[in-house]
Amino acid sequence: MIVDYSIIAAYFLVMIALGIGFSRFNSNVSDFVRGGAQGSWWLVGGSILMSGISAFTFTGNGSAAFEGGPSMLIIYVGNCTALPLCALFLAAWFRQTRAHTSVDVLRARFGPVVEQFSAFQGLLLGPLTSAIQLWALSVFAADFFQVPLSACIVVIGAVVVIYSTTGGRWAVAATDFVQGVLLFAVTLLVAVLAIRHIGGVGAFLSYFSDPRFADDFALVKESDQFKEGRYSAKWLVAIFIMQVYNQINLSSAGRFLSVKDGREACRAAWFAFALMAIGALAWAIPPMVARFLYAEEVMALGGKNPGELAYSYLARQVLPAGMMGLLVAAMFAATSSSMDTGLNNQVGVLVRNVIPRIRAAFGRTEPLSDKSGLLLCKVLTVVMGAIVIGYALLFSTRRELVLFEAFFVISTTVGIPLALPTLAGLWFKAMPRWSYFLVAGACLVPSAFFVYDSKVNGAVWTIQDRALWIFGVGVVATAAACLLRKTVSDAARAETEAFFKNMRTPVDFAREIGANRDKAQCLMLGRSCLVVAAAAALLFLIARDATAFVCVAALVAFIGGIGGLLIRAGRRTPEDSAHSGGVSEKA
């Protein structure tokens, strides 16, 4: 256990050091909220993947894999369908909006009223999502270390806030990348060991036809087989649509705003797709093996949903002594990468879209200086981090909530209705700027009815019922809005045309941004990976057998190899050009 604590402490120190190291890259708000639009494709692609997963992947989704087998893979199938769509054209379009935040994009498409509405609803819902992710990780960590859940929430949340505050978007992307390397190294190892533990790929697949598991592990279940129709055909369709939708609407544009240009954005999306496809199988295998071999032991763990601990239980059985600390560090990596991205996005919206409007209302129209804007970003990061930690502490007192369900309930009840018109607005130029509220309002009608009917009549509306009804109403409302295009004024039509023209115009990086950080990105992250590899190499000191030795060697080779490749690339890269804060602010 001392080794495990040491590994976690070293991991935290590396993350904080990265935040401090990248703090010198920040000279203005643009740097803090989008990395000055100077991110390399591999850095941003890794960050995109990591910001899309969390400890929820191993607790909530792990519970679904333990309970229903391969059905939960539909979540990743949706992501792996959407990311190529981004790679083919959407990623470039998003970057070419030349926005600083996703809410900037909404302002350009729908106007300032929608900008403010979306900004405030995002500031309300964003911390809730981050808090669920922090809560999920803390459930995992508290079980492993046998410490109070509240203590885990505070400590983990504080570390994320520290490096997010010091380094901004640069630190977020950098820590996401290093954490992604660690996460992949450890989770791929756990998956390989799980297959080895069960007797090989053939033995693993044979359990799917075993009478004890065949029904539960069928890809499509009967509608009454699981609570609220989970894993049924309707559930699979609804979850697939939700996952694709989450990846391709205007609200997700912020993921691509920190890359250099449209070409780099496309490459980042392809990279994220490849990592997601590989990771999906690696993350689903261990909880399934736990169900096949240790179902009774996992269920005996207690709690509202013991399946949430299936992944960690299996990992305990297969990882050599002393390596569980690395897995916990990987779980920290998964959640902190989602939480730090959320914090940075929310602060960006506050500083770019909310506070300037408030200042203008009081007659303060002059922009903040670079120094003042940067200080404001850091103060607000601390404030938003404290709010997320507070929400997570509140959730920790409500154990009747089930992680897997809580995430999708929030998404379907509020998230889909408010964001659906942003998807329609990206595809349909005929959709008037004012129609955002028509479509969103129409989608909220069935959502509100489901809440009302559940409370008054006790009706049970499943996630899939909610999602499909909301999407259906949204399609009808969007069609109605497009039919009203003749009501649009010439001025509004011109603004819409300007938005689409700008979105289709490639970014000229040399002219619009000018400065680059390519060499520094490669060298700093390469060295960071070598430090993590060196820390992992300390496990050789406690390796007790050949299996442990091989596992440690594989981890060190994987992490250190990536670090070496980055350093080699950095040495071959021309010197970085001088940073020009004023240019990056405008582009």
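Quick notes on this one:
- Violating pairs (Cα-Cα greater than 21 angstrom) within the set LYS227/LYS455; LYS260/LYS519; LYS371/LYS519; LYS260/LYS501; LYS429/LYS486; LYS429/LYS501: LYS371/LYS519
- Counting neighbouring beta carbons within 10 Å and listing from fewest to most, the residues VAL456, VAL244 come out as VAL456, VAL244.
- Lysines with Cα under 20 Å of LYS234, excluding same-chain neighbours fewer than 8 positions away: LYS221
- Per-residue Cβ neighbour counts within 10 Å put ASP143, ASP340, ASP210 in the sequence ASP210, ASP143, ASP340, beginning with the fewest.
- Membrane-span-like helices in the chain, defined purely by DSSP H runs whose alpha carbon atoms cover 27 Å or more axially and whose average Kyte-Doolittle hydropathy reaches 1.0, are 2-22, 112-145, 149-198, 370-395, 436-456, 463-483, 518-537, 546-572.
- Virtual spin-label span in nm between TRP434 and SER454, 7 Å along Cα→Cβ: 3.4
- The Cα atoms of the chain define a convex hull whose projected area, averaged across directions, is 26.4 nm².
- The label-point distance for ARG544 and ARG571, in a model that sets each label 7 Å from Cα toward Cβ, rounds to 4.0 nm.
- Efficiency of FRET between GLN317 and SER209 - r from beta-carbon atoms, R0 22 angstrom, step 0.05: 0.40
- Orientation-averaged projected area, Cα convex hull of segment 433-587 (nm²): 19.0
- The value of relative contact order for segment 2-586, using C-alpha pairs under 8 Å at least six residues apart, is 28 percent.
- Annotation: amide H-H contacts under 5 Å for SER232 (H modelled 1.01 Å from N, sequence separation of 5 or more, or interchain): LYS221.
- Protection proxy ranking, highest mean first, for peptides 440-450, 40-50: 40-50, 440-450, where packing is the per-residue count of other beta-carbon atoms within 10 Å, averaged.
- Using only the C-alpha atoms, the convex hull of segment 269-351 corresponds to 134 Å³ per residue.
- Computed [θ] at 222 nm, helices only, for the chain once each DSSP H run of length n ≥ 4 contributes -39500 (n - 2.57): -24000 deg cm²/dmol
- Taking only the alpha carbons of segment 530-572, we obtain Rg and Dmax values of 12.0, 41 Å in that order.
- Cα centroid separation, segment 125-162 to segment 294-342 (Å): 13
- Residues of the chain were split at every exposed loop site, defined as trypsin sites (Lys or Arg not before Pro) in a DSSP loop with at most 14 other C-beta atoms within 10 angstrom, and the longest piece left, sites excluded, is 1-211.
- Each of THR101, THR422 has some number of other Cβ atoms within 10 Å of its Cβ, and from fewest to most they run THR422, THR101.
A short reminder: the numbers here are calculations on the coordinates, not readings from a lab. As the structure is a prediction and not an experimental result, all values here were calculated from the model. As a convention, Cβ positions derive from the backbone with ideal geometry for all residues, glycine included, and neighbour counts pool all protein chains shown.
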